[in-house]
């Protein structure tokens, strides 16, 4: 979809994803060995009470649902920034779902514009666990 075709408020519902313990642990061992993400014994003594998923892993699970059906599709030529806020811990076995929507648009130049996409991720109790904001550069239909 070209920049001109995308409207502020456009939405995508993101399908459910189950947080699988072994995949979560493999990711944590490779990218962040903090004990709260890899040690049952340590995590049991924390306020969360169990191993929690890394925030970036939680984001990636739902981004994997959004990216194949993103707003720009073949006209999406890349991202320019990403901000994430975390509200609740995510545990193995949680079932996450989400929503992505276009928060704003910015005309950049004769060739492309940027859209600001908000992604909200909820657990199986419909509690907000993560909110991200990212910008994607989208080609314009016609340019000089």
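All of the numbers you see were taken from the coordinates with simple rules; none came from a lab. Please read these numbers as outputs of a predicted model, since none were measured by experiment. Glycine also receives a Cβ, built like all others from the backbone with ideal geometry; neighbour counts cover every protein chain displayed.
Judged by the mean number of other Cβ atoms found within 10 Å, the most tightly packed of the peptides 80-86, 125-131 leads the ranking 125-131, 80-86. Across every pair of non-identical alpha carbons in region 58-117, the mean reciprocal distance, once inverted, gives a Kirkwood radius of 13.7 Å. In the chain, the longest principal axis of the Cα atoms and the axis of helix 21-31 are about 70 degrees apart. The value for the chain of Rg(Cα) / (2.2 N^0.38 Å) is 1.20.
With a cut-off of 8 Å between alpha carbons and a minimum separation of six or more residues, what is the relative contact order of the chain in percent? Numbers along the way, then the final one.
Working: 294 pairs, mean separation 45.0, N = 144.
Computed over the chain, the figure is 31 percent.
Between region 74-144 and region 4-70, the alpha-carbon centres lie 15 Å apart. Measure nothing fancy, just the Cα-based angle from helix 55-66's long axis to the longest principal axis of the chain, in degrees from 0 to 90, nearest 10. Result, in degrees: 40.
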